[in-house]
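First up is the structure itself, then whatever we jot down about it.
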Amino acid sequence: MSVGIDVSQASLATAIVDSSGKPQGQAQFSNDAAGHQRLHHYLKKRVGKGALVCLEATGTYGEAVSEYLYAQGYAVSVVNPARVKAYAASQLRRNKTDQVDALVIADFCRTQHPPLWTPPPSAWRQLRALVRHLEDLENDQQRQQNRLHALQHSTHCAPIVAANIRQQIAWLQQQIEHVKAEIQKHIEQDPDLKRKRDLLVSIKGIGALTAAKLLAEFRAITEFEDVRQLVAYAGLNPRQRQSGTSVRGVSHISKMGRASIRAALYMPAVVAQCHNPLLRAYAQRLAHTGVPKMAIVTAVMRKLLHLVYGVLKSGQPFDPHYLEKVVLAT
């Protein structure tokens, strides 16, 4: 039996399918503690503990029910919504309701066997919350700065409005600095996060804040079988456009991944191509072949992820003379 749950803020649409894909029951529960208990009793009667329960990774609204079902002994998978959407399209599904979505999720898990999910450590979850709050504050500050810039170029600029916006920008800056300090304090208090942060900052170009942002995006490097999966997760893998003999499109990065990772790596890549010996030489080789500047920065971002994967996987700090030692050893 496979169970699919379509999660929303207020409700949990649930569907059960057997090994042949035939529906065996559908129900809906409230997305709160009482609803989670009723869902458990419903499933216990029909599929028993240990059944595969699948949910889409749709943000915070699915976290509580995922942890509750895991604690009750169910095998839980949290799947990429894009994969489920593509699966539904491949079956020419024309209707979209909560119950239909739950059936699609259940059937997807029955046929695709997604990996099992385990609750993340509390320390990592707190780091992620702090980093995302920081990003929200920075976005808010940028919006206010844009408003101030537009207002200053207006022919009817109201001084009191401009003064108020400046106060908001100053207050947001105070909050940003406070949250940055809290992020580093939180990392210092957790041995595992501190060890990983120290490994990351050994890479020339990656500072403490960038390290924190990267650590908040993936809880463990062991989630990725190889560095290519990490690069794809960040959306930095090349995307080719080619068909037959007539279509020969220019390759771009896929961007089908975490935009926040790409944003976090942009400035470190700009710095690294000037100050990191390995990446500086790499960037210079690309420049000599005529690669555009932005494409070079993107390539350096991808190389930075390779270094991130290497230091976290090996547990050893970055060695800028690694290639020289390899040549000498051979």
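Worth a mention:
- Residues that are at positive phi and within 23 Å of the chain's Cα centre (by Cα) within segment 24-75 comprise just one, Gly59.
- Test: residue in segment 163-181 that is closer than 30 Å to Gln316 by Cα, β-branched (Val, Ile, Thr) and either surrounded by 14 or more Cβ atoms within 10 Å (Cβ to Cβ) or touching a Cys at 6+ places or on another chain (Cβ under 7 Å) (or both): yes
- Within segment 13-35, residues that are in the same structural domain as Ala102 (by TED's automatic domain parsing) have Cβ atoms under 9 Å from residues that are part of a loop (DSSP other than H, G, I, E, B) and acidic (Asp, Glu) in these pairs: Gln24/Asp18, counting only partners at least 6 apart in sequence or on another chain.
- Selection status of Tyr68, farther than 21 Å from Glu223 by Cα, of a type in the set (Phe, Trp, Tyr) and surrounded by 16 or more Cβ atoms within 10 Å (Cβ to Cβ): yes
- Checking segment 300-310 against the condition returns no match, with no residue being under 30 Å from Trp117 (Cα atoms), of a type in the set (A, V, I, L, M, F, W, C), modelled with pLDDT of 80 or more and surrounded by fewer than 18 Cβ atoms within 10 Å (Cβ to Cβ).
Here is a yes/no grid of residues against (1) more than 25 Å from Ala34 (Cβ to Cβ); (2) not charged (D, E, K, R):
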| position | (1), (2) |
| --- | --- |
| Gln72 | no, yes |
| Val79 | yes, yes |
| Val84 | yes, yes |
| Ala88 | yes, yes |
| Arg110 | yes, no |
| His113 | yes, yes |
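- The listed residues are Lys213, Lys194, Lys204, and the only one of them that is basic (Lys, Arg) and under 21 Å from Arg280 (Cβ atoms) turns out to be Lys204.
- Any hit, segment 131-144, residues being surrounded by 13 or more Cβ atoms within 10 Å (Cβ to Cβ), hydrophobic (A, V, I, L, M, F, W, C) and under 30 Å from Arg83 (Cα atoms): yes
- Test: residue in segment 61-73 that is over 20 Å from Arg128 (Cβ atoms), touching a Lys or Arg at 6+ places or on another chain (Cβ under 7 Å) and outside the structural domain of Arg258 (by TED's automatic domain parsing): yes
- Being among the hydrophobic types (A, V, I, L, M, F, W, C) and surrounded by fewer than 16 Cβ atoms within 10 Å (Cβ to Cβ) holds for only one residue in Ala13, Ala27, Ala86, and it is Ala86.
- Boolean, Ala86 is in a helix (DSSP H, G or I), more than 30 Å from Ala170 (Cα to Cα) and touching a residue at least 60 places away in the same chain (Cβ under 8 Å): no
- Being in contact (Cβ under 8 Å) with a residue 24 or more places away in the chain and assigned by TED's automatic domain parsing to the domain that holds Arg147 is a description that does not apply to Gln174.
- Selection within segment 126-153 - over 15 Å from the mean Cα position of the chain (by Cα) and either among the aliphatic types (A, V, I, L, M) or not in a helix (DSSP H, G or I) (or both): Leu134, Leu137, Leu148, Ala150, Leu151, His153
- Positions within segment 89-111 being touching a residue at least 12 places away in the same chain (Cβ under 8 Å) and under 14 Å from Val17 (Cα atoms), in sequence order: Gln99, Asp101, Ala102, Leu103, Val104, Ile105, Ala106, Asp107, Phe108, Cys109, Arg110, Thr111
- Meets criteria (outside the structural domain of Ala82 (by TED's automatic domain parsing), in contact with a Gly (Cβ under 6 Å, 6 or more places away or on another chain) and either farther than 18 Å from Trp124 by Cα or modelled with pLDDT of 90 or more (or both)) for Ala263: no
- Unmet criterion (only one of (1) more than 23 Å from Asp136 (Cα to Cα); (2) in contact (Cβ under 8 Å) with a residue 24 or more places away in the chain; (3) over 20 Å from the mean Cα position of the chain (by Cα)) for Ile169: (1)
The values are calculated or read from the model by the stated rules, or taken from the named source; none is laboratory data. Being a predicted model, the structure only gives us computed values, none of them experimental. No Cβ is skipped: glycine too gets one built from the backbone with ideal geometry, and neighbour counts run over all protein chains shown.
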